[in-house]
1. I need to check one value: relative contact order of the chain, counting alpha carbon pairs closer than 8 Å and at least 6 residues apart, in percent.
2. Please list, short to long, the whole-number percent of alpha-carbon pairs of the chain in consecutive 5 angstrom bins beginning at zero.
3. Taking only Cα atoms, what is the 0 to 90° angle, nearest 10, from helix 91-122's long axis to the longest principal axis of the chain?
4. Kindly provide the helix-only [θ] at 222 nm of the chain, computed as the sum of -39,500 (n - 2.57) over DSSP H runs of four or more divided by all residues, to the nearest 500 deg cm²/dmol?
5. Quick one: net charge around TYR23, please, counting Lys, Arg +1 and Asp, Glu -1 for every other residue with C-beta under 13 Å from its C-beta.
6. Only Lys, Arg, Asp and Glu count, each charged at its Cβ (+1, +1, -1, -1), so figure out the dipole size of the chain about its Cα centre, rounded to 20 debye.
7. Helix 61-83 versus the longest principal axis of the chain: what is the Cα-based angle in degrees, 0 to 90, to the nearest 10?
Amino acid sequence: MSKAPSLILSVLKTQCPHCREGYLFKHNNPYNLSKPILDMHDYCPVCNQLTEIETGFWWGTGYVSYGLSIAVSVATVIAFSLFVGWKADYSFLWYLIANALILAMAVPYLVRLSRTIWMSFFVYFDPNWREQKK
Ligand SMILES: [Zn+2]
C-alpha cells in the first residue's frame, strides 16, 4: 500500500479530505477574480466524495475563517513587534492598516482554506478509497 498523502499539504492545497488527491474547487487559483472564488465541485472529481454534505453545511465555515483571521493577526502582531516595534506614535495605527490590508488580500485563499478545514472535520481520509469508490 502506498503512503498516505500528507494531511497538512492536502489541506493547504484545498484537496478533498477523503482521497487527498482531488481538488475541491473548480478553478485552482483563488486570486483569479474573473471566476467565482467558491465555485466548488459537487463531488470530488477523483473519489466522488460529496462536498456539501448537507444543506447549510458551509455555515460552520465562518468559525474556521474567524480562527484563521485571528491566527493571521497574531502572526502579524508578532512580526510587527519584532521588526518595527511599538512606540508612542502612530505605530499601532500603521499596524491596524497593514493587518487589514494583509487580511483583505488573504481572503480569497482563507475562505477556501476554511471550507477545506471545515470539511476535514467531518470527512476522514480513507486509505482504501479506490476500492470503495462512492
Ligand atoms: Zn476525493
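Where a number appears in this text, it was derived from the coordinates with a stated rule and is not lab data. What you see is a predicted model, and the numbers here were worked out from it, not measured in a lab. FYI the Cβ positions are ideal-geometry reconstructions off the backbone, even for glycines, and counts take in every protein chain you see.
1. 35 percent
2. Spelled out per bin, shortest first, that is 2, 10, 17, 18, 16, 12, 9, 7, 5, 3, 1, 0, 0.
3. 10 degrees
4. -15500 deg cm²/dmol
5. It works out to a net charge of +3.
6. The dipole magnitude comes to about 280 debye.
7. 40 degrees
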